[in-house]
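The block underneath contains the structure these notes are about, expressed in structure tokens.
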Amino acid sequence: MNEAKLGILGGMGPQATQDFYQRILDRTDAACDQEHLPTVILSDTRMPDRTSAILGGDAEGCYRRLLQDAKTLEQVGCTAIAIPCNTSHFFADRLQGELSIPIIHMVRETVKVLSSDPGVHKVGILATDGTVRTGVYQRECEAQGLTAFSPPPEVQKVVMSIIYDEIKKGEKGSREKFAVMDRCLREAGCDAAILGCTELSVYRTYHPLPEFYVDAMDILAERCITYCGYKLRMV
């Protein structure tokens, strides 16, 4: 029997956590309960907002809570951890140093997928202010020889509005606002763009998007399945 057990450190936000687990179920090649990946979901909805914590000065408090949750997942027998929150990956390498089980790194895995496409050189980053300003994706892109493009301030405000004013409030997101973002990325000459916030992944659940957009949450779900020794369902 495969003894793998996935820990999901979620609640950031809760809708994104639910969407992430559904994607794991949908992408696992399973015909019965017993063929699915055993999973422990810790939805810590009291986690401080990551962007506010990182940019507002209480990054250490956020880190300590993430570490406490990760340790809890480790203690209950999880063999790997997924964090379906891009901004939290600002802390991922530091967290990894305190754990004996691996964190499946959503940002790093996503950029690896893009770097394997010979037609992709310039990548748009759609993410929170916290993710963008701390360079979480920019560093990984540079390491893989890709150029990262972040929207200018007026368009970044639109990105944040979809995330915080719409998806986090339970709405489905504005197509008109997304069109503003799309136009910006294409005019900038991006070959692809990363949905680098799990709320934007939720937006994609409601609104189908072209292959130009690479969904970090999709990649994380697939990597969790294969890392834990399970097969992907062909789609």
Of all lysine pairs in segment 107-216 that are eight or more residues apart or on different chains, those with Cα atoms under 28 Å apart total 10
Taking a straight Cα-to-Cα line shorter than 14 Å from K71, and setting aside same-chain aspartates and glutamates fewer than 8 residues away, one finds D44, E98
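Which whole-number percent is the relative contact order of the chain (Cα, under 8 Å, 6+ apart)?
Computed value for the chain: 26 percent relative contact order.
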Using a 1.4 Å probe on heavy atoms of the protein chains only, the accessible area for L95 in Å², nearest 10, reads 0
Per the 1/(1 + (r/R0)^6) rule, R0 = 35 Å and r from the Cβ atoms of S100 and H207, FRET efficiency to 0.05 is 0.30
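Compute the length gained on full extension between T226 and H121: take 0.36 nm times their separation in residues and subtract their Cα-Cα distance, giving the result in nm to one decimal.
Length gained between T226 and H121: 35.1 nm.
How many Å² of accessible area per residue for segment 185-235, probe 1.4 Å?
Numbers: 2250 Å² over 51 residues.
Averaged over the residues of segment 185-235, the accessible area is 44 Å².
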Per 5 angstrom bin, beginning at 0 and ending with the bin that holds the maximum distance, the Cα pairs of segment 107-216 fall in percents of 2, 13, 26, 26, 20, 10, 3, 0
Between V214 and residues 5 or more places away or on another chain, the pairs with built amide H atoms under 5 Å apart involve A193, I194, L195
In debye to the nearest 20, the charge dipole size for segment 1-104, taken about the Cα centre with +1 at each Lys and Arg Cβ and -1 at each Asp and Glu Cβ, equals 240
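Evaluate the charge dipole of segment 107-216 about its Cα centre and quote only its size in Debye, nearest 20, assuming +1 on the Cβ of each Lys and Arg and -1 on the Cβ of each Asp and Glu. Let's see the in-between values first.
Values: 14 positive and 16 negative charges, 28 e Å.
In total the dipole reaches around 140 debye.
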With x for Gly and Pro, the residue-by-residue ³J(HN,Hα) of segment 194-209, computed from phi through the Karplus equation 6.51 cos²θ - 1.76 cosθ + 1.60 at θ = phi - 60° and given in whole Hz, is 9, 7, x, 9, 5, 5, 6, 5, 5, 3, 5, 4, 7, 10, x, 10
Amide H contacts under 5 Å for V120, restricted to residues at least 5 apart in sequence or on another chain and with H modeled in the peptide plane, are none
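So for E74, E199, E60, E187, what's the accessible-area order with a 1.4 Å probe, most first? Working shown, then result.
Values: E74 40, E199 10, E60 80, E187 145 Å².
These residues rank, largest area first, as E187, E60, E74, E199.
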As straight-line cross-link partners of K5, the qualifying aspartates and glutamates (C-alpha separation under 17 Å, not fewer than 8 residues apart within one chain) are D29, D33, E35, D69, E74, E222
Pseudo-spin-label distance R46 to A179, built 7 Å along Cα→Cβ, given in nm, is 4.4
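Pairs of alpha-carbon atoms within less than 8 angstrom and 6+ residues apart define the contacts here; what relative contact order does segment 31-152 have, in percent? Before the final figure, lay out each step's value.
Working: 127 pairs, mean separation 26.9, N = 122.
About 22 percent, as a whole number.
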Treating only Lys and Arg (+1) and Asp and Glu (-1) as charged, each at its beta carbon, one finds that segment 130-191 has a dipole about its Cα centre, in Debye to the nearest 20, of 200
Sorted list, accessible surface of protein heavy atoms, 1.4 Å probe, largest first, for L232, L6 is L232, L6
Of the candidates P151, L73, F178, the farthest towards the positive dipole end of the chain (Lys/Arg Cβ +1, Asp/Glu Cβ -1, centred on the Cα centre) is P151
Ignoring ligands and nucleic acids, D58 exposes an accessible area, probe 1.4 Å, in Å² to the nearest 10, of 80
Counting only protein heavy atoms and leaving out ligands, DNA and RNA, the solvent-accessible surface of T87 at a 1.4 Å probe, in Å² to the nearest 10, equals 10
Quick tally, 1.4 Å probe accessible area for K231, K5, sorted with the most first, runs K231, K5
Carbon/sulfur accessible area of the chain, % of total, 1.4 Å probe, equals 49
For segment 219-230, Karplus-derived ³J(HN,Hα) couplings (6.51, -1.76, 1.60; θ = phi - 60°; whole Hz; x for glycine and proline) come out as 5, 4, 4, 5, 5, 4, 4, 6, 4, 7, x, 9
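The values are calculated or read from the model by the stated rules, or taken from the named source; none is laboratory data. Everything numeric here is computed off the predicted structure, so don't read it as measured data. Positions of Cβ are backbone-derived with ideal geometry, glycine not excepted, and every protein chain shown enters the neighbour counts. Remember, those area values only see protein heavy atoms, side chains included, never the ligands or the DNA or RNA. Shrake-Rupley method; radii C 1.70, N 1.55, O 1.52, S 1.80 Å.
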